[in-house]
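The values are calculated or read from the model by the stated rules, or taken from the named source; none is laboratory data. Treat the numbers as computed from the prediction; the structure is a model and nothing was measured. Methodologically, a virtual Cβ is constructed for each residue, glycine included, from the backbone with ideal geometry; neighbour enumeration extends over all protein chains shown.
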Amino acid sequence: MKQISVSGTNIISPLGFTSAENLTMMLNGNSGVAAFNRPKIDDDTIYAALFDDNVLHKNSTYANLPAQFTKYEKLLISSIEDAKLNSGVDLSEKETIFILSTTKGNIALLEEKDISDELIQRMSLFHSGKLVSEYFKNPNDPVIISNACISGVAALIYAERLLQNGDYKNAVVAGADLISKFVYSGFKSFQALSKGKCKPFSADRDGINLGEAAATIILTSGATSSKSNLLQVHGGAISNDSNHISGPSRTGDELGHAIQQSLIRSKINSDEIGFISAHGTATSYNDEMEAKAFYSTGFSKTPVNSMKGYFGHTLGAAGVLESVVCMMSLLNDVVIPTAGFTSKGVSVDINICENQINTKAKYCLKTASGFGGCNASIVFSKS
């Protein structure tokens, strides 16, 4: 097996413009989730993690991009630009592939313009992905992963396999999503939104907060000058429980299967995993399903956290963003507490991380689950 190393990362969220800024804010107990009055999204006050456009324009890369790019595309480009700074990877070479994860891309354009052939093309996920890869002068067609809420983790799994197979030497995995009326009203129709700040795995949890973000991880199977080569991506796996169009499995067996396959592909045992970054949406069914999956696969004592209380659910960006947090946690020997957690509200015994934990963990596990019954799991390590 080849060593697949991390040569660069970035997070752009309401908490900051770099991975380091976001980690510092989290360790200081800050959250991007707040009450907003955004009539363009909903008439009522909403709890979410949303960008302030005035703050976004303080990012020089974002502010100086041509007007031809949408907000979604500007976020992707800005995130990739920061991740590549010290990566040592040439993003314009043929041996580098762009893999972009999103659930809705430019869907907000529907609320701004009349339907036309031009608008339909502009909203195409491939079209916007091609604009982003061409900005970096990359000669390859980008790969678009849009598989509900596992999109980001699925993109990392796909990237790792492409590099293992020798199809490419480097992969730029970037995810982004924005919250529009279209997106918000969909979750509202499911009655899945929290009336306040979300409380993952808690007895009094009442739903999710949505969030906006972009994140990037640059992977390489070759040597680079980056110090981030201390981090590696190992095996990942995807499963589908086929339970319901929006409701997850009641047993967690299918996520458990993906977790077990990830460990097998990574050639490690469950007791080597130092902590788990769960999907942890704070909805009733998701958190219960995940807890059962962790319990059944031997992780009842392993620290588990959720990032949704810091960033909200960032949809297609979530898997990439939360994977960056996993990697930063490994590098900094820390497990980040679950923001919003009150008291255990799942039926099995798992170890929800309530307070910051110092750790010398070498391996961690990232999981994700989404509409349509999809599940994904992947292993990261530091050397």
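Annotation for the range 287-294: no member residue is assigned to a loop (DSSP other than H, G, I, E, B) and outside the structural domain of Cys149 (by TED's automatic domain parsing). When residues in the range 251-286 are screened for being assigned to a helix (DSSP H, G or I) and touching a Pro at 6+ places or on another chain (Cβ under 9 Å), 4 of them pass. Can you find, within the range 125-170, the residue that is farthest from the chain's Cα centre (by Cα) among those that are free of Cβ contacts under 8 Å to residues at least 12 places away in the same chain and within 14 Å of Glu73 (Cα to Cα)? Per the criteria, the residue is Glu134. Counting the residues of the range 164-184 that are β-branched (Val, Ile, Thr), buried (at least 24 other Cβ atoms within 10 Å of the Cβ) and either modelled with pLDDT under 95 or within 18 Å of Gly32 (Cβ to Cβ) (or both) gives 1. Among the residues of the range 11-27, at least one is more than 23 Å from Gly316 (Cα to Cα), in the same structural domain as Ile179 (by TED's automatic domain parsing) and in contact (Cβ under 8 Å) with a residue 60 or more places away in the chain.
Output the residue which, of all residues in the range 135-163 that are out of contact with any Ser or Thr (no Cβ under 9 Å at 6 or more places or on another chain) and either among the aliphatic types (A, V, I, L, M) or under 22 Å from Leu178 (Cα atoms) (or both), is surrounded by the most Cβ atoms within 10 Å (Cβ to Cβ).
So the residue we want is Ala159.
Within the range 276-285, the set of residues being buried (at least 24 other Cβ atoms within 10 Å of the Cβ) and not β-branched (Val, Ile, Thr) comprises Ser277, Ala278, His279, Gly280, Ala282.
Only one of the listed residues (Asn358, Asn351, Asn375, Asn305) is closer than 26 Å to Ala203 by Cβ, surrounded by fewer than 24 Cβ atoms within 10 Å (Cβ to Cβ) and modelled with pLDDT of 95 or more. That residue is Asn351.
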